[in-house]
Amino acid sequence: MKKRFREHLARKPIEDLISDSHLDQSHSLRRVLGPIHLVMLGIGVIVGAGIFVVTGQAAAQYSGPAIILSFVISALACAFAGLCYAEFASMIPVAGSAYTYAYATLGKLFAWIIGWDLILEYLFGAASVAVGWSGYITSFFGDFGMGIPEYLSSAPLVHDPVLGWQTTGAIMNLPAMLIVGACTLLLVIGIRESAHFNNAIVVIKIAVILLFIGFGVAFINLDNLVPFIPENTGEFGHYGWSGILRGAGVIFFAYIGFDTISTAAQEVKNPQRDMPIGILGSLAVATVLYILVAFVLTGMVNYSRLAVPNPIAVGIDSAGQSLFWLRPFVKIGAIAGLSSVVLVLLYGQSRIFFTMSRDNLLPRRFAVVHERFRTPYIITIITGLAAMLFAGLFPIGLLAEMVSIGTLLAFVIVCVSVPVLRITHPRMNRPFRTPFVPLVPVLGALISLAQMIALPLDTMLRLVIWMAVGFVIYFIYGKSHGKKHPRPTSDEPITGILKND
C-alpha cells in the first residue's frame, strides 16, 4: 500500500523535463517567440472582458471611485502568483505551465490534479469569453440593421439557483462557436502566425483604450469622484473599505490568463530570460491601463450608473455628441480584444494537453506535431471542438465562475510549489528568483485560497464534482499509462542546470 502511494507521488526529474523537449523531433515545437511576443501574449489575454465589463460593475456595486484601489490590491495578489510562475518558467523552460511545475515538485498525482483543473481556466475560459464576444458582435451588427436571430446567438440552457436547469428555446450560440473555430484554425496553421495576429489585435484594443483615456479625461467631473470611498451601507462588501476588498475579489477575473505565458516556454527563443519579462511586463501594463480607465470612467459618470454590461459606452454617451464617434471604435476594440483572449486561452490549453500526452497521462497520439506547421494539431483541434461545444450550449455566468475557481486553485498549487522546490532542490540554477521566499508564495497562496472560499457554494460543489471525474480518469488511464520516474532526492544532481560554483 505504501509503495503504491509513493508511485502516485513520483516526481519527474527536471532534467527529464528539459531533455524531453529536445529529443523527439516529431514532438518538438518551433522556438520563434521573443520577449515582445510574450508581453503582447500576456496583454492579449489579460486585457479583455475585465476592462470592458467588470470595471464598471465592480465600481457600481462595491467600491465606487475607489475601484482604483481594488485594482491595486488585485494586482498585488496576482503579482505574488506571477513572481512564483516567473521562477518556475525560468528554470523549467518547457510547455505545460502549472502542470509541469507540479510534476517536478509534488509528483504525478498532483500534476494530474492541476492539469485537469487547468481545463477550467483555459478551455472553459475560452468558451466563456467567446460567449461575451458573441454579445458584442451581435450588438455591432445590430447597429447596422443586420441583427443575428436570438435563437442562433444565445445559450439553449441556463441555470437558475432556485429553479435549476432550464431551456431557453434557442438552438445554439453560433457566433461564439464560430470565433472558437476560427481561432482553432489559426493555431493549427502556426504559432508565428498566431502571434502576429495576436500582436495586431493587441495594438487595436490598446489604441481604442488609449483613445478613451485621452479624449475622456477632458470630460471628467471631479464631483463624480467625491466621496472617493463611499460610506459603507452597513453590510460587508457594500462600499467602504470592505467594498474595496470585495471589489478586488470580483475584478480578479480581469487578471485571469497571465499565466498562459508560461505555457509558451517551449516555443520561446530564450525562455530563462524572456519568460519573467513576459509575465511581469504584461501584468504591469494591464494594471496601468486598468487604473487609468477606472479613473477616467468614474470621473465621467457617477459610479452608481455603471452596473451595466457596457460601462465604457455609458461613459462615452455621457459626453454627448462630442464623443459619439468613438462608440463604434469601442465595440470594435472589445470584439478585437475578446478575440485575442479566446486565441491565447485555446493556445494555453492545447500546450498543456500536449505536455500531458507526452507524459502518457493522455493518449500519446495527441502529442503528434504537424510535419509542416510544427504545431500539435490533433490536440489543438480536439480542444477547439470541446470549447465550441461549451460556448454554444452554456451561459457565460456559469462558465465564468468555473474559470475563477479553477484559476485560483492553480495559483495555490504553484505558490506552494516554490518553497517546496527551494527545499528539495536548493542547488538548482534559478535565472529568476521569487523574492522574499517563503513570504511571497505564502501570501499568494493564502489570498488565492481566501478568494476561492468567497465564491458561491454551488461553484465549490461543481469543482468537487469536476475533480472527482478527473480522479476517475486518472485511476482508469493515467495511473497505468503515465511514465515511471524515479523519485530524486534533494541531493541528487540535476544535470545541466546546476549553478556553476
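The values are calculated or read from the model by the stated rules, or taken from the named source; none is laboratory data. What you see is a predicted model, and the numbers here were worked out from it, not measured in a lab. Glycine also receives a Cβ, built like all others from the backbone with ideal geometry; neighbour counts cover every protein chain displayed.
General remarks:
- Scan of the stretch 406-458 for residues that are within 17 Å of ARG246 (Cα to Cα) and assigned to a loop (DSSP other than H, G, I, E, B), ordered by number: LEU455, PRO456
For every residue, the table says whether it meets (1) within 15 Å of THR287 (Cβ to Cβ); (2) in contact with a Leu (Cβ under 9 Å, 6 or more places away or on another chain); (3) at pLDDT 70 or above.
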| residue | (1), (2), (3) |
| --- | --- |
| ASP20 | no, no, no |
| SER28 | no, no, no |
| PRO35 | no, no, yes |
| ILE43 | yes, yes, yes |
| ILE51 | yes, yes, yes |
| VAL54 | yes, no, yes |
| ALA59 | no, yes, yes |
| LEU69 | yes, no, yes |
| ILE73 | yes, yes, yes |
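- Residue count for the stretch 105-135 satisfying the condition of being of a type in the set (Gly, Ala, Ser), at pLDDT below 85 and within 25 Å of PRO35 (Cα to Cα): 1.
- Exactly one residue out of PHE436, PHE432 is modelled with pLDDT under 85, surrounded by fewer than 21 Cβ atoms within 10 Å (Cβ to Cβ) and among the hydrophobic types (A, V, I, L, M, F, W, C), and it is PHE432.
- Checklist (1) surrounded by fewer than 18 Cβ atoms within 10 Å (Cβ to Cβ); (2) under 24 Å from ILE405 (Cβ atoms) applied to SER322, failing item: (2)
- All of (1) without any contact (Cβ under 8 Å) to a residue 40 or more places away in the chain; (2) in contact with a Leu (Cβ under 9 Å, 6 or more places away or on another chain); (3) of a type in the set (D, E, K, R) hold for ARG327 with one exception: (2).
- Some residue of the stretch 126-137 being part of a loop (DSSP other than H, G, I, E, B), touching a Ser or Thr at 6+ places or on another chain (Cβ under 7 Å) and of a type in the set (Gly, Ala, Ser): no
- Test: residue in the stretch 378-388 that is modelled with pLDDT under 85 and either part of a helix (DSSP H, G or I) or closer than 23 Å to SER194 by Cα (or both): no
- For the stretch 164-219, a residue qualifies if it is surrounded by fewer than 19 Cβ atoms within 10 Å (Cβ to Cβ) and of a type in the set (S, T, N, Q), and the qualifying residues are GLN166, THR167, THR168, ASN199.
- Qualifying residue in the stretch 88-96 (condition: modelled with pLDDT of 80 or more and buried (at least 24 other Cβ atoms within 10 Å of the Cβ)): yes
- Close contacts from the stretch 168-179, counting a first residue that is under 10 Å from SER153 (Cα atoms) and modelled with pLDDT under 90 and a second that is crowded, with 18+ Cβ neighbours inside 10 Å and of a type in the set (S, T, N, Q), with Cβ to Cβ under 7 Å and a gap of 6+ residues or different chains, come to ALA170/SER154.
- LEU399 vs. criteria buried (at least 22 other Cβ atoms within 10 Å of the Cβ) and either among the aliphatic types (A, V, I, L, M) or in a loop (DSSP other than H, G, I, E, B) (or both): yes
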